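Participant: Got a structure here, written out as structure tokens. Questions coming.
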Amino acid sequence: MKVLLDLQYLNVATTGIKTYMLELAKAARKYPHPDIEWIFSHEPEKQAVDDSFKGTKSKIQKLNYHLDYFRWKEFQLPDLVKKFKPDVLICPDFVSPAASLPCRRLTVIHDAFFWQMPENYPRWWRKYFLNLIKKGLWEDTQIITTTEYSKNSLIEHLGNSWHISVVYQAPKGLTAAADTQCLRKLGLKKQEYFLHIGTFDRRKLLPLLVEAFAAFQNHSQSNKKLVLAGGPGQSKRMDDFPVVQKLVAELGLQDQILVPGYLSDGEIKSLYDGAFAYVFPSLNEGFGIPILESMGFGIPVIHSDQPALMEVAGGAGLPFQTGNRDDLTEKLILLDREKDLRSQLVTLGRERAKAFSAEKFIEAFHRIILNPTS
């Protein structure tokens, strides 16, 4: 079986989708199957650092990127299919070509955010992108998604026309050495800070976390800090970064809440190594990679009871009611006070993380590639 993996989107992908694409490509090479030949549209590591369209600001630059993406999906990728004659084409970025293709398609739709949260996207762009997704869902197509929650959400919005399979992905392999100077540069001590890593997208509810942390400090008189690592939301409409900055200033917590921006893998590894706990307050997620990364590092996780996060955590995290600031504050206080609870969550988390490996990730794809109805 020849399998063509479309990796073009790596030149702009961030956070979860970027991790998904890179880890899938790495796993395909690390765990080869004797009956499957993988063909990559691009060399993954090289494509991931291509900055031709990263950081685009002007309308002209954004238009050029969308035109480039459209050309790739509708002309260049179908030409690659003609050239390599694969049995299966995998598109891990929501969109498959609208052109007729002589092969099966596995299209990864990570979540149903475009349908569930229309207010987070510009109307014209959402309409255009949903049109691209739907035009690619035809012929011999199978949808891959990340959790049972995402599967049910997609069925709700797309109907039962397409076979949808759930494949649990692997967390990012942080192979870089930990930056031993990171904590010192940020003025942090081990076990003395809560951590969140990711973009400041509105659905992440980071202002809620800031407010809950402020209440936690008032109730506990704790010296612990809060680190919010990552960059602005993916669009101006979705970005809570300015909101968080303003809130931190209004609360007078500039010394207790750190916003260091994007960090290297070595710095992230250092933050994970030293964190007291990871806090994931998100309103909506398709998967939740940081839960597994944290658990793998032996860090307890406090997370919202959003269905995908509950599914991924599998009872090994400490949930709070989504959007409830007081409940989140109580969980921060509880974990800070109860050493036995923290130890229990660390043990449960390490065991839970073992269920999500790169080998299991690619084996699930192997089964679907070789057995279309699996």
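The values are calculated or read from the model by the stated rules, or taken from the named source; none is laboratory data. None of the values given here were measured: they were computed from a predicted structure. In this analysis, Cβ positions are derived from the backbone assuming ideal geometry, glycine residues included, and neighbour counts consider all displayed protein chains. The area values use the complete protein model at the heavy-atom level, side chains included, leaving out ligands, DNA and RNA. Shrake-Rupley method; radii C 1.70, N 1.55, O 1.52, S 1.80 Å.
Participant: Residues in the range 205-229 that are farther than 18 Å from THR322 by Cβ, open to solvent by 10 Å² or more (accessible area, probe 1.4 Å) and touching a residue at least 24 places away in the same chain (Cβ under 8 Å): how many?
Facilitator: Of the residues in that region, 8 qualify.
Participant: So which residues in the range 231-290 are open to solvent by 10 Å² or more (accessible area, probe 1.4 Å), among the aliphatic types (A, V, I, L, M), part of a loop (DSSP other than H, G, I, E, B) and farther than 21 Å from THR322 by Cα?
Facilitator: LEU251, LEU253, LEU263
Participant: In this structure, does ILE164 turn out to be of a type in the set (Val, Ile, Thr), in contact (Cβ under 8 Å) with a residue 12 or more places away in the chain and within 19 Å of LEU5 (Cβ to Cβ)?
Facilitator: Values: of a type in the set (Val, Ile, Thr): yes; in contact (Cβ under 8 Å) with a residue 12 or more places away in the chain: yes; within 19 Å of LEU5 (Cβ to Cβ): no.
No.
Participant: May I ask you to list the residues in the range 294-310 that are farther than 23 Å from LYS339 by Cβ and open to solvent by 30 Å² or more (accessible area, probe 1.4 Å)? If you could, list the steps in order and put the result at the bottom.
Facilitator: Restricting attention to the range 294-310, the residues satisfying the condition of being farther than 23 Å from LYS339 by Cβ are 304-310.
Correct list: ASP305, PRO307, MET310.
Participant: Of SER52, SER100, SER41, which residue is small (Gly, Ala, Ser) and under 26 Å from LYS236 (Cα atoms)? Show your work before the answer.
Facilitator: Working: SER100 fails: under 26 Å from LYS236 (Cα atoms); SER41 fails: under 26 Å from LYS236 (Cα atoms).
None of the others qualify; the one that does is SER52.
Participant: Now for a different question. Please go through the range 16-56 and give me each residue that is in a loop (DSSP other than H, G, I, E, B), touching a residue at least 60 places away in the same chain (Cβ under 8 Å) and open to solvent by 30 Å² or more (accessible area, probe 1.4 Å), ordered by number.
Facilitator: Within the range 16-56, the first condition is being in a loop (DSSP other than H, G, I, E, B), and the residues that meet it are 31-36, 41-43, 49-56.
Next, only the ones that are touching a residue at least 60 places away in the same chain (Cβ under 8 Å) stay: 31, 33, 35-36.
TYR31, HIS33, ASP35 - these are the residues of the range 16-56 that are in a loop (DSSP other than H, G, I, E, B), touching a residue at least 60 places away in the same chain (Cβ under 8 Å) and open to solvent by 30 Å² or more (accessible area, probe 1.4 Å).
Participant: List pairs: first in the range 178-194 and in contact (Cβ under 8 Å) with a residue 60 or more places away in the chain, second open to solvent by 100 Å² or more (accessible area, probe 1.4 Å) and in a loop (DSSP other than H, G, I, E, B), Cβ under 8 Å, 6+ apart or cross-chain?
Facilitator: LEU183/LYS189; LEU183/LYS190; GLU192/ASN223
Participant: Restricting attention to the range 245-277, which residues are of a type in the set (A, V, I, L, M, F, W, C) and touching a residue at least 60 places away in the same chain (Cβ under 8 Å)?
Facilitator: Here is the first cut: in the range 245-277, the residues of a type in the set (A, V, I, L, M, F, W, C) are 247-249, 251, 253, 257-259, 263, 268, 271, 275-277.
Hits for the range 245-277 are LEU258, LEU263, ILE268, LEU271, ALA275, PHE276, ALA277.
Participant: Would the range 37-48 turn up any residue that is touching a strand residue (DSSP E or B) at 6+ places or on another chain (Cβ under 9 Å) and of a type in the set (Ser, Thr, Tyr)?
Facilitator: Within the range 37-48 (the criterion being touching a strand residue (DSSP E or B) at 6+ places or on another chain (Cβ under 9 Å) and of a type in the set (Ser, Thr, Tyr)), the answer is yes, since at least one residue qualifies.
Participant: Got a sec? Which helices (runs of 4 or more DSSP H) wholly within the range 66-183 have at least 3 residues that are open to solvent by 40 Å² or more (accessible area, probe 1.4 Å), under 29 Å from PRO307 (Cβ atoms) and at pLDDT below 95? First the steps, then the outcome.
Facilitator: On the way: elements: 77-84, 113-116, 123-136, 148-158.
Counting at least 3 such residues, we get 123-136.
Participant: In the range 184-204, how many residues are under 18 Å from the mean Cα position of the chain (by Cα) and open to solvent by less than 40 Å² (accessible area, probe 1.4 Å)? Give the steps one after another, and end with the answer.
Facilitator: Residues of the range 184-204 that are under 18 Å from the mean Cα position of the chain (by Cα), as a first pass: 195-204.
Subset that is open to solvent by less than 40 Å² (accessible area, probe 1.4 Å): 195-201, 203-204.
Count: 9.
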